[in-house]
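Heads up: the structure comes next, in structure tokens.
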Amino acid sequence: MLLRRSSQKIDLLKKVPLFSNLGQRHLKEIAKHADQVQVEKGRVLVQQGKAGWEFIFIAEGKARVEKNGKFVRQLSGGDFFGEISLIDGEPRTATVIAETEMTILIVHKTSFDHLLDSIPALQRKILVSLCQYLRRAEKAMNW
């Protein structure tokens, strides 16, 4: 899926739960900073323990998340990853591998920081998504 116009990127971004309540102006800003990339099946998108320099949205396709070589969950269209390393500057917490051909949107660190600074609603949504991630992790550890 090749997104030729900015409006196509905006339509896609509207479907991402993280951006669902953002206005057209903010969606345009995010679209401006998002690079579209086609990914082949089997490609490692991010690797656990490596530095992270991008935030990734899945437009189309499926990927699997692994921690310490073990399957954790599957991701598909509308899912995103990479925010943890961009926020705290620490290495990636998991490996993500394309299970199918994919279309992804990538926002690099400098653009991600700019978006967080200029879109307060995005800051809150990222915080909520991180809290949900922590709750899932705690539940998995049976605390």
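The values are calculated or read from the model by the stated rules, or taken from the named source; none is laboratory data. Here the structure is a predicted model, which is why all the values come from computation and not from measurement. No Cβ is skipped: glycine too gets one built from the backbone with ideal geometry, and neighbour counts run over all protein chains shown. Surface accessibility is based on the protein's heavy atoms, side chains included, excluding ligands, DNA and RNA. Shrake-Rupley method; radii C 1.70, N 1.55, O 1.52, S 1.80 Å.
For segment 41-72, run through the trypsin sites (Lys or Arg not before Pro) and keep only the ones in DSSP coil with at most 16 other Cβ atoms within 10 Å of their Cβ.
Sparse-neighbourhood loop trypsin sites (Lys or Arg not before Pro): Lys41, Arg43, Lys50.
Stretched out fully, how many nm does the piece from Asp117 to Lys32 gain, at 0.36 nm a residue minus the Cα gap?
In short, 29.1 nm is gained.
Report the label-to-label distance for Glu60 and Arg25 in nanometres (one decimal), using points 7 Å from each Cα along the Cα→Cβ vector.
Inter-label distance under the simple model: 3.2 nm.
How much length is gained if the chain between Glu40 and Trp53 is pulled fully straight, taking 0.36 nm per residue apart and subtracting their Cα-Cα distance, in nm to one decimal?
2.7 nm
With each run of n ≥ 4 DSSP H residues scored as -39500 (n - 2.57), what mean residue ellipticity at 222 nm is computed for the chain after dividing by its residue count and rounding to the nearest 500 deg cm²/dmol?
Roughly -12000 deg cm²/dmol at 222 nm, from the helical runs in the chain.
Distance from a point 7 Å along Cα→Cβ of Glu101 to each backbone N in segment 51-80: keep the residues under 13 Å and list them by number.
Backbone N within reach: 60-62.
Starting from one equal scatterer on each C-alpha and no solvent at all, send me the Debye-based log10 I(q)/I(0) for the chain at q = 0.21 Å⁻¹, two decimals.
Listed by q, the Debye log ratios stand at -1.47.
Rounded if a/c is under 1.5, else prolate if a/b beats b/c, else oblate: with a ≥ b ≥ c from the C-alpha gyration tensor eigenvalues square-rooted, which is segment 67-143?
Oblate, because a/c is 1.5 or more while a/b does not exceed b/c.
Between Val128 and Thr110, 0.36 nm times their residue separation minus their Cα-Cα distance comes to what?
That works out to 4.3 nm of additional length.
When all protein chains stay in place, what accessible area (Å², nearest 10, 1.4 Å probe) is found for Val72?
Estimated to the nearest 10 Å², Val72 gives 80 Å².
In whole Hz and in residue order, list the ³J(HN,Hα) couplings for segment 27-32 that follow from phi through the Karplus curve 6.51 cos²θ - 1.76 cosθ + 1.60, θ = phi - 60°; x for Gly and Pro.
Per residue, the Karplus-derived 3J(HN,Hα) values read 4, 4, 5, 5, 4, 4 Hz.
Taking the Cα centre of the chain as origin, sum charge times position over the Cβ atoms of Lys and Arg (+1) and Asp and Glu (-1), and report the length of that vector in debye to the nearest 20.
The calculated dipole for the chain is roughly 320 debye.
By the gyration tensor of its Cα atoms, with a ≥ b ≥ c the square roots of the eigenvalues, what is the shape of segment 35-95: rounded for a/c under 1.5, prolate for a/b over b/c, or oblate?
The shape class here is oblate.
Tell me the carbon and sulfur percent of the accessible area for the chain, rounded to whole percent, probe radius 1.4 Å.
Carbon and sulfur atoms account for 52 percent of the accessible area of the chain.
Please calculate how many Å² of accessible area segment 1-57 carries per residue, with a 1.4 Å probe and no DNA, RNA or ligand atoms counted.
Result: 61 Å² per residue.
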